[in-house]
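Input: one structure, supplied below.
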Amino acid sequence: MDINVRKRSQVQVIQLRGALRMGPAVDSLRQTLEEALGNGDTRIVMNLSEVPMVDSSGIGLLVRFLALIKQQGGNIKLAQPSKFAVQTLRLVGVLKLFEIFDNDDAAVESFA
Amino acid sequence: MPAEFSGGPENSALTELLDLSVPADSVAIAAVVDAISETLARLEVPEQKRFEVALAVQEALANAVVHGCGNDPSKQVRCQLKSDPQGRILISVADPGPGFSPDLVHDPKRRENVYADHGRGVYLIRQLMDEVHFERSGSEIRMWKY
């Protein structure tokens, strides 16, 4: 999985490309989120437009960090989640936990 | 139907498409999932069905690696992919572990579980596949997609 992180208006925009599943992909994203939290960055937009699969490990990671970051007054918002990512998150009942936006700009501006 | 696949639709003619044994590690099982997706694509299985099968296989293999093999890559997990003349797909995933009781799996959609960082794999498999059978005390799963 490729992970690209950039900062826009005090918001970390994390672009993922590839399957978010157990192993290197989930480990890399965990590290990215831990670094963001360590730096005090709790406003996060995660672009899932190029994520064709999110397995239960990926879901667990997303909801765990969503809870941690919300405890610190921040949020993880999803931008352009793929059709299959949405289906999977809905199937296990966690889609409603996330704010979802059509693009990065709208998600970033929602933090203003 | 071979006795080893006794659970599922009645059928006497299953075609073996893949039979892979791989080390119990996450990179190896990802390759198996991708191989299954590519095989189903070659058979012109619709994208939605391919996605559902691939995610269910990913979950079954992940369970086999973590719970069946204790993340020990010296152990092996086996995955077989078969189809019948009606286009129904049968997948089995087996590990050398002691198994588990699928009845003890909790409902991840309950309020107290919704933020849990684990415990959704078997639930997902049951949602994605049309028939799910646990054999050998849970160390083998057989899943049908119609």
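Tell me, in nm to one decimal, what length is gained between B:Asp130 and B:Arg110 on full extension, where the rule is 0.36 nm per residue of separation less the Cα-Cα distance?
Stretched out fully, the B:Asp130 to B:Arg110 stretch lengthens by 4.9 nm.
Please average, across the residues of B:112-125, the number of beta carbons from any other chain that are within 10 Å of each residue's own beta carbon, and give a whole number.
Mean inter-chain Cβ contacts per residue within 10 Å come to 5.
Return the average number of partner chain Cβ atoms within 10 angstrom of each residue Cβ along peptide B:29-36.
The per-residue average across the peptide is 2.
Points 7 angstrom from Cα along the Cβ direction at A:Ala112 and B:Glu16: gap in nanometres?
About 6.2 nm, to one decimal.
Taking the beta-carbon count within 10 Å as an exposure proxy, list B:Thr39, B:Thr15 from fewest neighbours to most.
Starting with the residue having the fewest Cβ neighbours, the order is B:Thr15, B:Thr39.
Can I ask one more? Relative contact order of segment A:18-65, please, whole-number percent, based on alpha carbon pairs below 8 angstrom and at least 6 residues apart.
65 percent.
Hey, what number do you get for the protein assembly as shown at 222 nm if only DSSP H runs of n ≥ 4 count, each worth -39500 (n - 2.57), divided across all residues, to the nearest 500?
My calculation for the protein assembly as shown gives -10500 deg cm²/dmol from helical runs alone.
So for A:Ser9, B:Ser139, B:Ser74, fewest C-beta neighbours within 10 Å to most, what's the order?
If I rank by nearby Cβ atoms, fewest first, I get B:Ser74, A:Ser9, B:Ser139.
If you don't mind, another one. Taking only the Cα atoms of the protein assembly as shown, how large is their convex hull per residue, in Å³?
121 Å³
Using a Gaussian network model on chain A with a 10 Å cutoff between Cα atoms, which of A:Ala19, A:Ala67, A:Ala85 fluctuates the most?
It is A:Ala67.
Among B:Val33, B:Ile125, B:Gly68, whose Cα lies farthest out toward the positive end of the dipole of chain B, if unit charges sit on the beta carbon of Lys, Arg (+1) and Asp, Glu (-1)?
Selected residue: B:Ile125.
So, in Å, what gap is there between the alpha-carbon centers of segment B:124-145 and segment A:28-81?
30 Å
I've got another one for you. Where q = 0.16 Å⁻¹, what log10 of I(q)/I(0) comes from the Debye formula for chain A, counting one point per Cα?
-0.63
Among B:Tyr146, B:Tyr123, which comes first, second and so on when ranked by fewest other beta-carbon atoms within 10 Å?
Exposure proxy ranking, most exposed first: B:Tyr146, B:Tyr123.
Modelled label-to-label distance, A:Ser82 and B:Ser101, 7 Å Cα→beta-carbon offset: nm?
Rounded to a tenth, the inter-label distance reads 3.8 nm.
On to the next question. Report P(r) for segment A:1-49: all Cα-Cα distances, bin width 10 Å, range 0 to the bin holding the largest distance, values in whole percent.
27, 57, 16, 0
Under a point spin-label approximation (7 Å from Cα along Cα-to-Cβ), what is the A:Asp105-B:Leu43 distance to one decimal in nm?
Modelled inter-label distance: 4.5 nm.
Given the alpha-carbon gyration tensor of chain B, what are the semi-axes of its equivalent ellipsoid in whole angstrom, ordered largest first, with each equal to the square root of 5 times an eigenvalue?
Equivalent ellipsoid semi-axes, largest first: 23, 18, 16 Å.
Since every read-out is calculated from the coordinates, none of them should be taken as a lab result. Computed from a predicted structure; not experimentally measured. Note that each Cβ is placed from the backbone with ideal geometry, even for glycine, and that neighbours are counted across all protein chains shown.
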